[in-house]
Amino acid sequence: MHLPSSMAIIPSLAAWGKLQIDNSLGAVAGIHQITPEMIASMAQTGIFYHGLSILGGGSILAGVVLGTITVYIVDRKFMQAGAFAMAGGVLTFFGLMHGEAIGINQTPMVALSYLVVGGVLVACAKLATASEPAVEDAEEDEELGALAAE
């Protein structure tokens, strides 16, 4: 499995894990409302329900954004990766990703984290040397040309 597809599936796995916990609590104990005390109790036993809830909120959109950021990082297109990270921050701020409901300032720390990552990626784009990939691409083009001629 490739790294980008692995990153893209993580939010969906978190949403699935949260759904399994919710369904188990509902079926076995008849609990349909999770309280903060229950979340704290689960955290003490190694079940990070709150983290699953945040990561799994808006899992389809979050998976697309995380996967795209990863693809652009792997391809050394840091400016595009930074743009997607910042877009992820905006989407998260409005609750479209990593939130239980749509609204303003749903998960501010996650939104801020996306913006910080976006800033770091833009800085990487500004500081990255342009000569290294060009040399590698030229060598690959020569090798492909030689193979095609044979």
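The values are calculated or read from the model by the stated rules, or taken from the named source; none is laboratory data. Please read all numbers here as calculations on a predicted model, not as lab measurements. FYI the Cβ positions are ideal-geometry reconstructions off the backbone, even for glycines, and counts take in every protein chain you see.
Only a single criterion out of (1) part of a loop (DSSP other than H, G, I, E, B); (2) under 21 Å from residue 106 (Cα atoms) is not satisfied by residue 32, namely (2). Quick check: is even one residue across the range 54-73 part of a helix (DSSP H, G or I), more than 14 Å from the chain's Cα centre (by Cα) and of a type outside the set (Val, Ile, Thr)? No, the conditions are met nowhere in the range 54-73.
Report yes if residue 27 is of a type outside the set (Phe, Trp, Tyr), assigned to a helix (DSSP H, G or I) and over 22 Å from residue 93 (Cβ atoms), otherwise no. Yes, satisfied. Checked against (1) under 24 Å from residue 9 (Cα atoms); (2) at pLDDT 85 or above, residue 126 passes all but a single condition, namely (1).
Taking residue 45, is it in contact with a helix residue (DSSP H, G or I) (Cβ under 9 Å, 6 or more places away or on another chain) and either at pLDDT 80 or above or within 22 Å of residue 9 (Cα to Cα) (or both)? No. Within the range 78-95, the set of residues being outside any helix (DSSP H, G or I) and either crowded, with 22+ Cβ neighbours inside 10 Å or modelled with pLDDT of 90 or more (or both) comprises just one member, 94.
Would you confirm, using the coordinates I've provided, whether residue 8 is crowded, with 21+ Cβ neighbours inside 10 Å, in contact with a helix residue (DSSP H, G or I) (Cβ under 8 Å, 6 or more places away or on another chain) and part of a helix (DSSP H, G or I)? Yes, satisfied. Within the range 96-122, the set of residues being among the small types (Gly, Ala, Ser) and surrounded by 13 or more Cβ atoms within 10 Å (Cβ to Cβ) comprises 99, 111, 113, 118, 119.
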